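Working notes, structure below.
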Amino acid sequence: MGDCSFILLSGGIGKRMQVNIPKQFLLLGGKPILVHVLEKIDTIDSIKEIIIPSPKEFIEKTEEIIHNYGFSTPIFCIEGGETRQESVYHALKSARFDQVIVHEAVRPFVTKEEFSHLIECGNESATYGLDIPFTVLEGKNFIENNLVRDQLINIQLPQKFNRKKLLYSHECAREENLEFTEDASLYFHYFKSDIKVLKGSDYNIKITKPVDRKIAEVLYKEYILMEG
Ligand SMILES: C[C@](O)(CO)[C@H](O)COP(=O)(O)O
């Protein structure tokens, strides 16, 4: 299996969570959310380095947490950008391996198996995705367009790409001043095909809003019971 760089996005500042510390540092089961993800990554042999882009003011705290928990995979904390996209771009420039996995620190219920299935996709690009159980239409104050639910997917991280191709698509987007909310859309905009969708899990939630934290605590208790 090919060697991978791992980009762990940790750029939150806690605005949507309405707390004054970034959500990746909030505790879940007594540990920072970020640590739950790092513990899983650290057990995977083909992940050779972890790059964590984060706001300059939180680099020291991130490094301190990493030091306190002690991981064996080399971890590099770098300064992120103004946007999520810019943070991925900076991380891609410092990544060294052919394949790159992108994940968010605020998705702590990702499993080791989910990372392994991505790595098993070899050179193929892949993302996790979920069917949508609700209706999504285009518009804001007025409905402007219908969308066909069966043709939509809720994109979920982690994702994996060929590093050079993802870097190329980021460079094109920068030149054209285009901003995307995640990397499958950005990559697809330039390569048009070639991204496999793996079936995601309802448990792999993104902790964004205050209610997500409550859901995470319930899920965590269930997770602890399952682990015995
Ligand atoms: C990547 C993502 O989690 C897919 O659901 C989402 O687009 C990230 O959005 P954010 O605004 O960067 O939290």
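The values are calculated or read from the model by the stated rules, or taken from the named source; none is laboratory data. Model, not experiment: these values are computed from the prediction. Note that we place each Cβ from the backbone using ideal geometry, even for glycine, and neighbour counts take in every protein chain shown. SASA here: full protein model, heavy atoms, side chains in, ligands and nucleic acids out. Shrake-Rupley method; radii C 1.70, N 1.55, O 1.52, S 1.80 Å.
Is there a residue in the stretch 6-15 that is among the aliphatic types (A, V, I, L, M), at pLDDT below 95 and not in a loop (DSSP other than H, G, I, E, B)? Among the residues of the stretch 6-15, not one is among the aliphatic types (A, V, I, L, M), at pLDDT below 95 and not in a loop (DSSP other than H, G, I, E, B), which makes the answer no. Are any residues in the stretch 51-74 open to solvent by less than 40 Å² (accessible area, probe 1.4 Å) and touching an Asp or Glu at 6+ places or on another chain (Cβ under 8 Å), and if so, which ones? Across the stretch 51-74, the qualifying residues are P53, S54, P55, I59, T73.
Taken over the stretch 158-168, the criterion of being in contact (Cβ under 8 Å) with a residue 60 or more places away in the chain and under 18 Å from the mean Cα position of the chain (by Cα) is satisfied by K160, F161, N162, R163, L166, L167.
Listed by first and then second residue, the pairs with beta-carbon distance under 6 Å, at least 6 apart or on different chains, first residue in the stretch 69-86 and under 26 Å from L178 (Cα atoms) and within 12 Å of the ligand (Cβ to nearest atom), second at pLDDT 95 or above and open to solvent by 50 Å² or more (accessible area, probe 1.4 Å), are Q85/E179. Give the residue that is nearest to the ligand (Cβ to nearest atom), with candidates limited to residues of the stretch 181-195 that are open to solvent by 40 Å² or more (accessible area, probe 1.4 Å) and either among the hydroxyl-bearing types (S, T, Y) or under 18 Å from T83 (Cα atoms) (or both). Only one residue fits best here, namely T181. Of the residues making up the stretch 170-228, those that are under 23 Å from F25 (Cβ atoms) and aromatic (F, W, Y) are Y203, Y220, Y223. What number goes with the only condition from (1) within 15 Å of L92 (Cβ to Cβ); (2) open to solvent by less than 30 Å² (accessible area, probe 1.4 Å); (3) within 17 Å of the chain's Cα centre (by Cα) that Y128 does not pass? Among (1) within 15 Å of L92 (Cβ to Cβ); (2) open to solvent by less than 30 Å² (accessible area, probe 1.4 Å); (3) within 17 Å of the chain's Cα centre (by Cα), Y128 violates only (1). Of the residues making up the stretch 73-99, those that are over 18 Å from D42 (Cα atoms), assigned to a loop (DSSP other than H, G, I, E, B) and out of contact with any Lys or Arg (no Cβ under 7 Å at 6 or more places or on another chain) are G80, G81, E82, T83. When D212, D150 are screened for being within 15 Å of the ligand (Cβ to nearest atom) and either open to solvent by 80 Å² or more (accessible area, probe 1.4 Å) or not hydrophobic (A, V, I, L, M, F, W, C) (or both), only D212 passes. Exactly one residue among K40, K23 is within 16 Å of the ligand (Cβ to nearest atom) and within 25 Å of R213 (Cβ to Cβ), and that residue is K23. The number of residues in the stretch 121-144 that are small (G, A, S) and without any contact (Cβ under 8 Å) to a residue 24 or more places away in the chain comes to 1.
You will find that of K165, K160, the residue that is more than 29 Å from G30 (Cα to Cα), more than 16 Å from the ligand (Cβ to nearest atom) and in contact with a helix residue (DSSP H, G or I) (Cβ under 7 Å, 6 or more places away or on another chain) is K165 and no other.
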